[in-house]
Every structure is written in C-alpha cells, then in structure tokens.
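Engineer: Pasting a structure here, questions to come.
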Amino acid sequence: MDVKIEQSWKDCLAEEFDKPYFNQLTDFVRNEYGKGSVYPPGALIFNAFNHCPFDKVKVVLLGQDPYHEPGQAHGLCFSVQDGVRFPPSLINIFKEIQSDLGTPVPKSGDLTRWADQGVLLLNATLTVRAHLAGSHQNKGWETFTDAVINRLAAQREHIVYILWGAYAQRKGAMIDRNKNLVLQSPHPSPLSASRGFFGNKHFSKANEYLLQTGQTPIVW
C-alpha cells in the first residue's frame, strides 16, 4: 500500500509510517484488498486527510468504522457517495442540523463539502471488509488515528472536537479542553439518538466557538 496522503499530513505523521505496526497494517490491508471486496476503494483510504490539510483543520468529527456495504464508504466518516441512500445515522445528523440551524435536509449525503471547509471526518478504522462491520478493527488503524489526534492536540489549538458516543469519547480523552472545544453527546444512531443526540446543538456551538476564536464558521 503506497501511502498517498496530503503532504502536510505525510510530513507530520512521517515517523508513524516507519513504525513496525504500520508496516504490519500495510501488509494486512494490502492482503485484504487482494482477497476480496474492501471499502473504501483503495485510492480513498486517506480521503479525509487529502481534503483537509493539517493546518486547515477547524473541526474533528470522530467516527468508528467505514460503511461496509457497496458504494457507501469513500473515506469520510458518516458520509456516503452521491446516489446512495442515507444511512440512519446520517439521516439523524441532518435532522439535528435542520433543528439546530434551520437549514433544509440536503439532497446529497456526500460530506466532502464539510471536509473542504476544514472538518476532518476521521474514522478510527480506515478500512473494512465488505458486509463485515468491525472486520479491520485491532489491526493497527486505531494506533494510527490516535497518533493523528495526538499530533493535532500537541501542535494545534482552537479546534472543535465532536465526539458522539462512548467510543469516540474514549478516543478523544487526551484532548486539552482548555485549548479546544470538546462537544460530547450520545451517538446519532437510531439506538441512541433520542437519548441526547437530538437537541445537542453541536453545529451551532461549533460555529459560535469558531467565530469567537477568529475563524470562519462551517456551512453545515
């Protein structure tokens, strides 16, 4: 797996790419793609980074696993490609945006428009085998994406971290709340959205913080 990742990320994560765990991960992922259907397409594994350079990150939205059905995943957490039916969590995200900001539910579930504004749409695990949720967990991706969060936490400030659900909240535990805004709530999945995701107003809170810190708000 040749690591094709945006240059600023390639520079700041260079030492990760040389570590034994990443070499083992590379071998595993390459083998998986060679054996059968794996998502997202190989060229889009680092899509989140390629649309959102290190120094442009304003918001980090943490997901867990790529979608594992055909045509959905394209390297941005919660996002689906045009023409794909919205998954339940994405439907609930759009409902909360509509409630919070009064904006209509969009026609497209492709969140590249967020990534291009500085929203790092980061899954903890960047690949998955078709039809098998969690199939690439505990192979090294989590170590890599922890390093991503650690680099941001160490070198950047005034970032909004949006952590939905216990998994994302554990992963974001090291973030300095004095230098950044950390927004936490239950996950937008149908199992938990009614227990505090709806009404969290994370989108307006994120924009208020960005404005307070001299940054351009996100057009959600």
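Engineer: Which residues, taken from region 19-41, are among the hydroxyl-bearing types (Ser, Thr, Tyr) and either more than 16 Å from GLU142 (Cβ to Cβ) or open to solvent by 80 Å² or more (accessible area, probe 1.4 Å) (or both)?
Structural biologist: Answer for region 19-41, where residues must be among the hydroxyl-bearing types (Ser, Thr, Tyr) and either more than 16 Å from GLU142 (Cβ to Cβ) or open to solvent by 80 Å² or more (accessible area, probe 1.4 Å) (or both): TYR33, SER37, TYR39.
Engineer: Let me ask something else about it. May I ask you to verify whether ALA48 is under 30 Å from THR213 (Cα atoms), in a helix (DSSP H, G or I) and touching a residue at least 24 places away in the same chain (Cβ under 8 Å)?
Structural biologist: The answer is yes for ALA48.
Engineer: So, one more: Of these, PRO66, PRO70, which one is under 23 Å from GLN169 (Cα atoms) and assigned to a loop (DSSP other than H, G, I, E, B)?
Structural biologist: PRO66
Engineer: Take region 178-191 and flag every residue that is modelled with pLDDT of 95 or more and more than 14 Å from LYS95 (Cα to Cα).
Structural biologist: Selection gives ASN178, LYS179, ASN180, LEU181, VAL182, LEU183, GLN184, SER185, PRO186.
Engineer: Turning to a different aspect of this structure: Among the listed residues ASP11, ASP100, ASP110, ASP27, identify the single one that is of a type in the set (Asp, Glu) and under 14 Å from the mean Cα position of the chain (by Cα).
Structural biologist: Testing whether each residue is of a type in the set (Asp, Glu) and under 14 Å from the mean Cα position of the chain (by Cα) leaves just ASP110.
Engineer: Given the conditions (1) over 19 Å from ASN207 (Cα atoms); (2) touching a residue at least 60 places away in the same chain (Cβ under 8 Å), and given that GLY71 satisfies all but one, which numbered condition is not satisfied?
Structural biologist: For GLY71, the exception is condition (2).
Engineer: In addition: Is it the case, given these coordinates, that THR103 is in contact (Cβ under 8 Å) with a residue 40 or more places away in the chain and either part of a helix (DSSP H, G or I) or surrounded by fewer than 20 Cβ atoms within 10 Å (Cβ to Cβ) (or both)?
Structural biologist: yes
Per-residue answers, yes or no, for (1) open to solvent by 30 Å² or more (accessible area, probe 1.4 Å); (2) touching a His at 6+ places or on another chain (Cβ under 6 Å); (3) closer than 25 Å to PHE198 by Cα; (4) acidic (Asp, Glu):
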{"position": "HIS51", "(1), (2), (3), (4)": "yes, no, no, no"}
{"position": "GLY63", "(1), (2), (3), (4)": "no, no, yes, no"}
{"position": "GLU69", "(1), (2), (3), (4)": "yes, no, no, yes"}
{"position": "PHE78", "(1), (2), (3), (4)": "no, no, yes, no"}
{"position": "GLN81", "(1), (2), (3), (4)": "yes, yes, yes, no"}
{"position": "ILE91", "(1), (2), (3), (4)": "yes, no, yes, no"}
{"position": "GLU96", "(1), (2), (3), (4)": "no, no, yes, yes"}
{"position": "SER99", "(1), (2), (3), (4)": "yes, no, yes, no"}
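The values are calculated or read from the model by the stated rules, or taken from the named source; none is laboratory data. Values in this document were obtained by computation on a predicted structure and should not be read as measured data. Note: ideal-geometry Cβ built from the backbone for every residue, glycine included; neighbour counts use all protein chains shown. Just the protein is used for accessible areas: all its heavy atoms, side chains included, with ligands, DNA and RNA removed. Shrake-Rupley method; radii C 1.70, N 1.55, O 1.52, S 1.80 Å.
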